[in-house]
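Please treat every number below as a calculation from the coordinates, not as lab data. Remember, predicted model here, so these are calculated numbers, not experimental data. Positions of Cβ are generated from backbone atoms using ideal geometry, with glycine treated the same way; all protein chains shown enter the neighbour counts.
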Amino acid sequence: MAARATTLTVPTAATSFDPPPPVIRRVSTNPNEVPIAPVTFAHALEAIDKGIEFLKSSQSASGGWMEGVAATPTATVPPTAVGGGDTHTKTAEPISTTTSSAASSAASSVASSAASSATSSATSSAASAAVTALVVRAFAQRGLTIQSDAALDRAATRLVDLVMRKNVFQPDTNGGMATYVASCTAMGLAALQEAKYESTLAAALAWIRESQWDESEGIAPTQDWYGGVGYGSKGRPDLSNTQLMLDALHESNATAKDASVERAVIFLTRCQNLKSTNAAAWAQTGSNDGGMVYTPANDGESFASELAGEGRAGEKMPAGTRALRSYASMTYAAYKSMLFAGLSKNDPRVQAALKWIENNFTFSENPGLGQQGYYYYIHAAARAMLACGNDELTDTAGTKHNWREELIDSIIVRQRANGSWQNPEPRWMEDSPDLATVFAVLALEEAIKPVRVSQ
């Protein structure tokens, strides 16, 4: 079946907003500012520092991480599945840090194939650029600066070298992961708070905005691609890349009235297993559990459905019963994204996502996917829980959880003697100690950011 952007009713716009959670750029060094036991705080800080020392030891001579490692975007479901491959492709134009017209130019639509994307990714520097950006963020949040720490200075320099070519922002010239790289770059440079990188940060944010699927590519609000972003120049949008875009915009203090944020909320709504707000057929026949799937585009996909043997698009289910399974990493990612977008905690979409989290609360695995994508999950979960502003979460059995304590304990027990982390499940490259370690460090940092006034 050929791919398509399915036509759906446009979700009702939110009418009630809360202020987005504040941007907190540094961890605390005072245990009185974090609602956990002092001994847990000390253990978290020690684990972070051990992780940072490991990352310094694995830094390449050029200043980056995972140099020469090829990363291929998550492919769409095969053409025989519901939704098929992609019919829409686009390339966002390069963004210059000196030419305002380039920074505001609309993305253009081009024809290309998924095969060419996979081939070109072999020579892409996307993995190195993205992971280097994540490390820059992790180092900066710990309080390191480019003036005081040579490793961070070299990392920031290398990151800019990877994404800027002749004063033009090009996050992934040879591959299909440009949006992922651009979002990570924006978050890393925003954490530095250094004037010398402001132009690159602005270019990254402009590139991200232009990568969003909207009317400029002929996609209407009634179509299920609308408001999302994908891996870059080719392919359908997905929740993983869209939540990274919203992370980057949040770090730049975007408001709920930001047009890119408003469009993204439409896409988030269509990712949710919630019949009252999502008109997609898979949602109407689904679990109505409030959780999230990977993408609504091309009639929807879920890695949890794939793992359950139902097909990533639910195509292996009996006729007339097709649905998609929710899973944790996408649910936490969307939950924090809705809060970053300023949706009220009383919004039914926000409440339903939180209810799914309460029903599936654990940091021992990525519910719905087991150990696959665990470190991506734990980072998304930490950011989501910090964003919601609650020190405790009560699960459906009535048990109260100090999420910080439990998250810290779950991460520390997995740390290896050399300070690194590694996922035995290789999916999404988490068998790389560099990637797993930076996700673990970032998650721990979220758990010890200051939320109390110190005494």
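Any chance you could list P(r) for segment 382-455, counting all Cα-Cα pairs in 10 angstrom bins from zero, rounded to whole %?
Binned Cα distances yield the sequence 17, 41, 30, 11, 1.
If one computes the Cα centroid of segment 385-455 and of segment 127-145, what distance in Å separates the two points?
Centre-to-centre (Cα) distance: 17 Å.
Mind checking the dipole of the chain: about its Cα centre, +1 per Lys or Arg Cβ, -1 per Asp or Glu Cβ, Debye to the nearest 20? Intermediate results must be reported in sequence, preceding the final value.
Details: 36 positive and 45 negative charges, 59 e Å.
In total the dipole reaches around 280 debye.
Return the FRET efficiency for the residue pair residue 371, residue 42: r is the Cβ-Cβ distance, R0 is 30 Å, and the value is rounded to the nearest 0.05.
That pair, residue 371 with residue 42, gives E of 0.60.
List every residue whose amide H lies under 5 Å from the amide H of residue 343, counting only residues 5 or more places away in sequence or on a different chain, with H placed 1.01 Å from N in the peptide plane.
Long-range HN contacts for residue 343: 18.
Would you mind computing Rg(Cα) / (2.2 N^0.38 Å) for the chain, counting N as its residues?
Working it through for the chain, the quotient is 0.91.
Using modelled amide H (1.01 Å from N, peptide plane; none on Pro or chain starts), what sits under 5 Å from the amide H of residue 327, excluding residues fewer than 5 places away?
292
Given a Förster distance of 51 Å, report the FRET efficiency between residue 362 and residue 147 from their Cβ-Cβ distance, rounded to the nearest 0.05.
0.80
For segment 264-278, in order, what is each residue's ³J(HN,Hα) by Karplus, 6.51 cos²θ - 1.76 cosθ + 1.60 with θ = phi - 60°, in whole Hz (x at glycine and Pro)?
So the Karplus estimates, Gly and Pro as x, are 5, 4, 4, 5, 4, 4, 7, 8, 9, 6, 9, 4, 5, 10, 10 Hz.
Give me the extension gain from residue 257 to residue 414: residue separation times 0.36 nm, minus the current Cα-Cα distance, reported in nm with one decimal.
Details: separation 157, 0.36 × 157 = 56.52 nm, distance 4.08 nm.
Using 0.36 nm per residue and subtracting the Cα-Cα distance, I get 52.4 nm.
Mind checking the full-extension length gain between residue 316 and residue 451? Use 0.36 nm per residue of separation minus the Cα-Cα distance, one decimal, nm.
Stretched out fully, the residue 316 to residue 451 stretch lengthens by 43.9 nm.
Taking R0 as 60 Å, what's the FRET efficiency between residue 281 and residue 32 from their Cβ-Cβ distance, rounded to 0.05?
Values: r = 52 Å, r/R0 = 0.87.
In this case the efficiency is close to 0.70.
From the backbone phi of segment 316-332, what are the Karplus-calculated ³J(HN,Hα) couplings (6.51 cos²θ - 1.76 cosθ + 1.60, θ = phi - 60°) in whole Hz, Gly and Pro given as x?
After applying 6.51 cos²θ - 1.76 cosθ + 1.60, I find 8, 7, x, 3, x, 10, 4, 8, 10, 8, 7, 8, 5, 4, 6, 5, 4 Hz.
Could you derive backbone 3J(HN,Hα) for segment 399-410 from the dihedral phi with the Karplus parameters 6.51, -1.76 and 1.60 (θ = phi - 60°), listing whole Hz in sequence and x where the residue is Gly or Pro?
Each residue's phi maps through the Karplus curve to give 7, 8, 10, 7, 4, 5, 4, 5, 5, 4, 4, 5 Hz.
Taking 0.36 nm per residue of sequence separation and subtracting the Cα-Cα distance, how much length would be gained by fully extending the chain between residue 7 and residue 392, in nm to one decimal?
134.6 nm
Quick check on packing: order 65-71, 374-380 by the mean number of other C-beta atoms within 10 Å, highest mean leading. Mind showing how you got there, number by number?
Details: 65-71: 19.3, 374-380: 27.1.
Listed from highest to lowest mean packing, they are 374-380, 65-71.
If you average the sequence gap of Cα pairs under 8 Å that are 6 or more apart and divide by the length of segment 190-314, what percent do you get for the contact order?
Relative contact order for segment 190-314 comes out at 18 percent.
Using amide H atoms built in the peptide plane, which far-off residues or other-chain residues are under 5 Å from residue 301 H to H?
Under 5 Å from the amide H of residue 301: 294, 295.
How high is the relative contact order of the chain? Use alpha-carbon pairs under 8 Å, at least six apart in sequence, and give a whole percent.
Contact order relative to length: 20 percent.
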